[in-house]
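Right, one structure below, let's go through it.
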Amino acid sequence: MSEEHDADQREASDEQTAVRRDRFSGGPARSFLSSLADDERIFAADLAVDRAHVVMLVEQGIIEADTAGEILAALDDIETAGHGALPDGEDVHEAIESAVIDRVGQSGGKMHTARSRNDEVAACIRYRLRSDVLELVGTLVGAREQLLDAAREQTGTVMPGYTHLQPAQPTTVAHWLLSYEQALQRDTARLLDAYGRINQNPLGAAAFAGTPFDVDRERTAELLGFDGGHASAASVASSDRWSDGVAENSMDASATRDFLVEVTSAVATLATTLSQLAEDVVVMASKGHVELDDDYASTSSIMPQKKNPDTLELVRGRTGDATAGLNGLLTNLKGQPRAYNRDLQRAGRHAWDAIDSVTDSVAVAAGAVSTAEWPAERLESAATEGFATATGVADLLAMAGVPFRTAHEVVAAAAAELDPDEDAPDFDALSAVAEDALGAPLAEYVDRAAVQRALDPAESVAMRDSRGGPAPDAVADQLAAADDVLASHSEQLDAAETAVSRARDRLQTEVDSYV
């Protein structure tokens, strides 16, 4: 091809772009149609997808090795120049193809042989999304380590527990922390499980009806590390055909975005967990039950005595980003017919915004809680407020053979006679009520020492040694179990990251052999 012909072709491409003919290349709606600015997020993913596709094309004899080398070298130049140097285009895919053609001439258009932008963008979104999910899982693993370390330090720190924001029963800081670590376990598991369904290769599906070219979909899956997610996918009941990381049906492969919904839903659930934790800490801080580190608090612009839990208020507020993202994504998808529709151009941003917002929230929430100070004496004193040890006394009576509902009525009657300044009745007051209700003194059922222990918040906690309870031995078992689950999740994360890294190296080796 002559230099003059190349120049003519480049001039034509300036007028028409790589994809659109002249009739469709101008007009006031061009900027409205363009997603190029938003596509910066998948710029690197698109280059990887392009490289894998070109390597496959030359291996299958669909394009020539020299042409492949020119295209791959141009892609290297484009990567070095960066997203900001791309020519105008409807999206990053068209812009990169135009940039390749600008560099090597019209033969650069062979990079798009046997594919559509439909399967291309689906591959790019999956490629980038899996990276974001692994980053979030890594952040969650680190956050859970922080919570477990903090719990180990606070197994003996008694604190008030609440239901309906009313004093309920004593518990411990460790037990409270473990309640959130366990919720974060499930949040992590949901993301790891979703990873296997993200990590599927749609390339080769073309627009939606496949291609007459002899493409090797398994090869592009291998080069891009689309392997079905290893153990995560193995737990999903599915056909053996999915084990090679190829999204089987070509229409579904190019059109579906349910993997975005699944991840955004998991992220919204995680955000809700974090919001509840943040709300707890904000309320605790207002009562003086926790002291946040200065790095996670702020002061008032006018009231110098204030120390506000601002970071956790923002964690709580960012939950709206995730829930709005899920709602926006579902609304985007709900009315779309098969196969590809331009609405999908707006789908990914909902997931990206949710993931970015919540990943930051995980790190901040864990940092705030793990560096906080817990005033043990104040917390133990607060654990007696509102006769919070009442259930322990009722339990003693029930253990002595009194029907629990009767025991409940006895203790409730004693609580009703408390003075406003009293946190619990003494043994004699309880005995008087018991004698009226049971026809016998309290001592005939339980001794004074046992009641006194039940009224003590630390002893009340120690009594509650059932599996999952706040007693020190029960908490120790929970810590051990949580460590095991964390280790398993860490192994899954390491395996996924290693597989992705090896695929990246494998692709680079193949590219280097042609450039």
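The values are calculated or read from the model by the stated rules, or taken from the named source; none is laboratory data. From a predicted model like this one, the values you see are computed outputs, not experimental measurements. FYI the Cβ positions are ideal-geometry reconstructions off the backbone, even for glycines, and counts take in every protein chain you see.
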Of the residues in segment 138-179, how many are in contact with a strand residue (DSSP E or B) (Cβ under 8 Å, 6 or more places away or on another chain), in contact (Cβ under 8 Å) with a residue 24 or more places away in the chain and in a strand (DSSP E or B)? 10
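Okay, residues lined up against (1) of a type in the set (Val, Ile, Thr); (2) at pLDDT 95 or above; (3) within 29 Å of Tyr180 (Cα to Cα):
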position: Gly439; (1), (2), (3): no, no, no
position: Leu442; (1), (2), (3): no, no, no
position: Gln452; (1), (2), (3): no, no, no
position: Pro457; (1), (2), (3): no, no, yes
position: Met463; (1), (2), (3): no, no, yes
position: Arg467; (1), (2), (3): no, yes, yes
Only one of (1) more than 16 Å from Ala394 (Cα to Cα); (2) within 42 Å of the chain's Cα centre (by Cα); (3) surrounded by fewer than 19 Cβ atoms within 10 Å (Cβ to Cβ) is not met by Glu422, so which one is it? (2)
Which numbered condition in (1) part of a loop (DSSP other than H, G, I, E, B); (2) on the phi < 0 side of the Ramachandran plot is the only one that Gln182 fails? (1)
Residue among Ala48, Ala65, Ala85 that is at pLDDT 95 or above, among the hydrophobic types (A, V, I, L, M, F, W, C) and farther than 23 Å from Pro202 by Cβ: Ala65
Of the residues in segment 489-503 that are of a type outside the set (Val, Ile, Thr) and surrounded by fewer than 14 Cβ atoms within 10 Å (Cβ to Cβ), the one that is farthest from the chain's Cα centre (by Cα) is Arg502
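Answer yes or no as to whether Val393 is buried (at least 18 other Cβ atoms within 10 Å of the Cβ) and at pLDDT 85 or above. Talk me through it step by step, then tell me what you get.
Details: buried (at least 18 other Cβ atoms within 10 Å of the Cβ): yes; at pLDDT 85 or above: yes.
So Val393 passes the test.
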Residue that is nearest to Thr171 (Cα to Cα) [pool: residues in segment 389-439 that are in contact (Cβ under 8 Å) with a residue 40 or more places away in the chain, touching a helix residue (DSSP H, G or I) at 6+ places or on another chain (Cβ under 7 Å) and of a type in the set (Gly, Ala, Ser)]: Gly392
Out of Asp356, Asp421, Asp428, which single residue is modelled with pLDDT under 90 and either in the same structural domain as Gly288 (by TED's automatic domain parsing) or outside any helix (DSSP H, G or I) (or both)? Asp421
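Condition first: in contact (Cβ under 8 Å) with a residue 12 or more places away in the chain and either in the same structural domain as Thr171 (by TED's automatic domain parsing) or in a loop (DSSP other than H, G, I, E, B) (or both). Now tell me which residues in segment 465-479 satisfy that.
Within segment 465-479, the first condition is being in contact (Cβ under 8 Å) with a residue 12 or more places away in the chain, and the residues that meet it are 469-470, 472, 475-476, 478-479.
Passing the criteria: Gly469, Pro470.
Name every residue in segment 275-310 that is in a helix (DSSP H, G or I), surrounded by 21 or more Cβ atoms within 10 Å (Cβ to Cβ) and in contact (Cβ under 8 Å) with a residue 24 or more places away in the chain, in order of residue number. Full working, then the answer.
First pass over segment 275-310, keeping only residues in a helix (DSSP H, G or I): 275-287, 294-296, 310.
Those still in the list that are surrounded by 21 or more Cβ atoms within 10 Å (Cβ to Cβ) too: 275, 277-278, 281, 284.
Within segment 275-310, Ser275, Leu277, Ala278, Val281 meet the criteria.
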